Amino acid sequence: MTKLLLKIFIKDSENVSSPSVRKKYGALSGGIGIFINIILFIMKLFAGIFTSSISVMADAFNNLSDAGSSIVTLVGFKMAEKPADNDHPYGHGRVEYITGLIIAFIILIMGLELLKSSVQKIINPEDVQLTTVSLIILIVSIAAKLWLSVFNRKLGKNINSSAMFAVASDSLNDSVATTVVLISLLIKHFFDMNVDGYAGVIVALFVMRSGYETAKDTLQPLLGKSPDPEFVKNIEDCILSNKKILGIHDMIVHDYGPGQTIISLHAEIPCDIDIMEAHDIIDSAEEKVKNKFNCEITIHMDPIAVNDEFVIDLKEKVFDIISSVDKSIGFHDFRVKKGSVITNVIFDIEIPFDFMYTDIEIIDIITKKIVEKDEKLCPIIHIDKKVV
């Protein structure tokens, strides 16, 4: 069904990096979500009235909030498509993340209201009756929500959209919540036990949990989460496919929304090649990454000595010292400046954010170990934090 809908409504559905195609995905998801949720709201509203069930009524208004969420999704994808301008030089792609956050707040507010109404029904219960029509409506609702969850998850995977993953998660929780409502009515029908208010509480808690998970997932890219390790590995492999680039480090990935990624990194090349050739190597690497991953990239060139035996031998000794302290420490940008008495040994180390030592402590430890090997060496150490 998903493939058929994509074929009908999005002709170039595989071009997922295009903002216009992403907008069409958002329109498809939002349009179908609005249609299904409004139909379910109307059906459950009548079922709730006829059965006098607070849990069914709660489920109905939960669907109405989902319809509102779908409208927000549509608006969000429309705004995210806007091109860059003077006020937003990196585009409007993060609006898609804000859309997911708005959906989360709508879900949380609805959950709180449902919880309040359900508690009141526990305190002042009313008789509820299961009818054939309400039974059919609830079963249809469960099936529709399960399909909507699978549908949005597939769309979300296609375009890597946190907003669509949020809608998919919410739809799955809705199907579970409706199942709880159905079970409560069956218990009343067969065992004459009125657990309607308690079922309403369970539905409300499911709704609130969905809102919390959605908020957490959409806040991460807005706050600046670590890049996807697989994406980082693909970038590294692409750049290192040029054999004259010997290594890369200090990669930073800025996410300004889907299709708006900006990357910067340092690439190591031999220090004894022609400067124009070095420039061409870096330009070629940048162009290759841009075309393959649809992103902007800036590469800083780091010349390294590959034929100086003294530097190579000293680098190996320093590397062994660093590894003896902790094997998780990264090591790059090794340079040597020889003086008449003192030789400056300059390099960067990468340590995790939760490293066992402070920056000052680790510099002091490594410096002492190097000087113990040769008191004429003067280590100059710069610390980077591992972000990938």
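Summary table below
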item: Unmet requirement for ASP250, which otherwise passes all of (1) within 30 Å of SER161 (Cβ to Cβ); (2) outside any helix (DSSP H, G or I); (3) out of contact with any His (no Cβ under 6 Å at 6 or more places or on another chain); result: (3)
item: Scan of region 122-152 for residues that are in a loop (DSSP other than H, G, I, E, B) and either on the phi > 0 side of the Ramachandran plot or surrounded by 15 or more Cβ atoms within 10 Å (Cβ to Cβ) (or both), ordered by number; result: VAL128, LEU130
item: Test result for VAL336, of a type in the set (A, V, I, L, M) and part of a strand (DSSP E or B); result: yes
item: Hey, LEU186 modelled with pLDDT of 80 or more and either crowded, with 19+ Cβ neighbours inside 10 Å or touching a helix residue (DSSP H, G or I) at 6+ places or on another chain (Cβ under 7 Å) (or both) or not; result: no
item: Single residue of region 1-46 satisfying the filter (exposed (fewer than 15 other Cβ atoms within 10 Å of the Cβ) and among the charged types (D, E, K, R)) that is nearest to the chain's Cα centre (by Cα); result: GLU14
item: Given (1) farther than 19 Å from LYS145 by Cβ; (2) touching a Ser or Thr at 6+ places or on another chain (Cβ under 6 Å), number of the condition ALA163 does not satisfy; result: (1)
item: Contacts under 6 angstrom Cβ, first residue in region 288-307 being assigned by TED's automatic domain parsing to the domain that holds PHE334, partner part of a loop (DSSP other than H, G, I, E, B) and of a type in the set (Ser, Thr, Tyr), 6 or more apart; result: ASN294/SER17
item: ALA84, sole failed condition from (1) among the hydrophobic types (A, V, I, L, M, F, W, C); (2) assigned to a helix (DSSP H, G or I); (3) surrounded by fewer than 15 Cβ atoms within 10 Å (Cβ to Cβ); (4) touching a Phe, Trp or Tyr at 6+ places or on another chain (Cβ under 7 Å); result: (2)
item: Residues satisfying the stated conditions in region 184-203, i.e. closer than 30 Å to MET164 by Cα and either touching an Asp or Glu at 6+ places or on another chain (Cβ under 8 Å) or not assigned by TED's automatic domain parsing to the domain that holds TYR97 (or both); result: VAL203
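The values are calculated or read from the model by the stated rules, or taken from the named source; none is laboratory data. Fair warning: this is a prediction, and the values are worked out from it, not measured in the lab. Glycine gets a Cβ as well: all are built from the backbone with ideal geometry, and neighbour counts include every protein chain shown.
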